Structure formats: C-alpha cells, structure tokens
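Participant: Attaching a single structure in structure tokens format; questions to follow.
Bear in mind these aren't lab numbers, they're just calculated from the coordinates by the rules spelled out. This one's a predicted model, so the numbers in the text were calculated from it and none came from an experiment. With ideal geometry, Cβ positions are generated from the backbone for all residues, glycine too; neighbour counts draw on all protein chains shown.
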Amino acid sequence: MKFFNAPIHDLLIRIKNAYLARRTEVQWVIHSKFKVNVLNILKEYNFIKGFEEVTHDNKKYLTIHLNEVRDPVNDIPVVKFYSKPSIRYYTGYKKLKTVAWGRGIGLISTSRGLMPAHVAKKLKIGGELIADIY
C-alpha cells in the first residue's frame, strides 16, 4: 500500500518502521507545516528525540531523531489510524477516550489546530481524529 495521498500516515509508518529496524533517525521526509506540528507533539510526549529541517537542492526535508530502543515491548510505538484519505473520521469531544490507559496520545485536528485528544477533550473541542499512538 502506498501512502502518497496520506502524508501523515506515511510519516507515522516511517517512524514506526525505523523503530522496528532499530534505527536512530529517519531521513528525507518531505517537509510540510502539518508534519512539523505532528513532530512537535511527538517530541513533547517523548515518542521521538527531536527533528531538524534540512535543505537540499532548494527543497526542504525533515530528519527525525529517534529514541534508542531498549525494551522492544514498550519502546516501539503502536499506531492505529482512524481517518483515511477516502474516509474522514470526525468525532465530538464527548466520544474522545484515553489512549492505552493514559500512556498514549490521540492526534486530533480541530478548529484550533492539531492537538492531543486529551487536550481537546479538556477544551471541549471535537474534530478529525487522525490516529492513536501508544
């Protein structure tokens, strides 16, 4: 399956596959503001170490630095997608639940921007639920 029409799916799957292969970084990810917002949330909740923007031939790319995998059961993230390019999954704040008993986050795109699902629930905002990461 190709994720050219779903850049966020592609980004999250690249990160997961790099963790499975015990890599320390993911290179040559095409830059976009939405991807930067997703990476900021992942960095805030310690799913990645950090990221940097790289320019090559007047095009912007992202290099993502990953945490070291010490315990494969707990260190490799699980990604569950809800919205797809063909089917969008919109939800209200009342239907938002905790992810993996509080140790994961849900990515939701709201009218106030991209945010974790638990923050959207506190602000009583619904939106498009993109994925759960735990």
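Participant: I'd like to know which of TYR89, HIS65, PRO77 lies farthest towards the positive end of the charge dipole of segment 29-95, counting +1 on Cβ of Lys and Arg and -1 on Cβ of Asp and Glu.
Facilitator: The Cα lying farthest towards the positive end belongs to TYR89.
Participant: Hey, got the dipole for segment 13-72? About the Cα centre, +1 on K and R Cβ, -1 on D and E Cβ, debye to the nearest 20?
Facilitator: That gives a dipole near 160 debye.
Participant: Where the only charges are on Cβ atoms (+1 Lys, Arg; -1 Asp, Glu), what is the dipole of the chain about its Cα centre, to the nearest 20 debye?
Facilitator: The dipole magnitude comes to about 580 debye.
Participant: Right, here's the next one. Enumerate the residues in segment 49-93 having an amide nitrogen under 17 Å from the point lying 7 Å beyond the Cα of ALA21 toward its Cβ.
Facilitator: 62-69, 76-77
Participant: Right, another one. Would you compute, from DSSP H runs of 4+ residues alone, the mean residue ellipticity of the chain at 222 nm, taking -39500 (n - 2.57) per run and dividing by the full residue count, rounded to the nearest 500?
Facilitator: Helix contribution divided over all residues of the chain: -7500 deg cm²/dmol.
Participant: Then there's this: Please list, by residue number, every one of the trypsin sites (Lys or Arg not before Pro) in segment 71-134 that is coil in DSSP and has at most 16 other beta-carbon atoms within 10 Å. Write down the numbers at each step before the final one.
Facilitator: Details: sites: LYS80, ARG88, LYS94, LYS95, LYS97, ARG103, ARG112, LYS121, LYS122, LYS124; in loops: ARG88, LYS97, ARG103, ARG112, LYS124.
Passing sites in segment 71-134 are ARG88, LYS97, ARG103, ARG112, LYS124.
Participant: Still on this model: Under a cut-off of 19 Å between alpha-carbon atoms, report the aspartates and glutamates in cross-link reach of LYS60, not counting same-chain residues fewer than 8 places apart.
Facilitator: Answer for LYS60, where 19 Å is the Cα cut-off: ASP10, GLU25, GLU52, listed by chain and number.
Participant: Let me ask another. I need to check one value: relative contact order of the chain, counting alpha carbon pairs closer than 8 Å and at least 6 residues apart, in percent.
Facilitator: Numbers: 216 pairs, mean separation 29.3, N = 134.
It rounds to 22 percent for the chain.
Participant: Here is a follow-up. When the chain is modelled as a GNM with alpha-carbon springs shorter than 10 Å, which of ALA18, ALA120, ALA100 fluctuates the most?
Facilitator: The residue that fluctuates most here is ALA100.
Participant: Quick one: 3J(HN,Hα) in Hz for segment 9-19, Karplus 6.51/-1.76/1.60 with θ = phi - 60°, rounded, Gly and Pro as x.
Facilitator: Per residue, the Karplus-derived 3J(HN,Hα) values read 4, 4, 4, 5, 5, 4, 5, 4, 5, 5, 5 Hz.
Participant: Which of the lysines could a cross-linker bridge to LYS94, judged by Cα under 22 Å and excluding same-chain residues fewer than eight apart?
Facilitator: Of all the lysines, those that pass the test against LYS94 - Cα under 22 Å, at least 8 places apart if same chain - are LYS80, LYS84, LYS121, LYS122, LYS124.
Participant: Give me the number: length gained by fully extending LYS60 to ILE13, i.e. 0.36 nm times residue separation minus the C-alpha to C-alpha distance, one decimal in nm. Don't skip to the answer; put the middle values down first.
Facilitator: Numbers: separation 47, 0.36 × 47 = 16.92 nm, distance 2.00 nm.
Here the answer is 14.9 nm.
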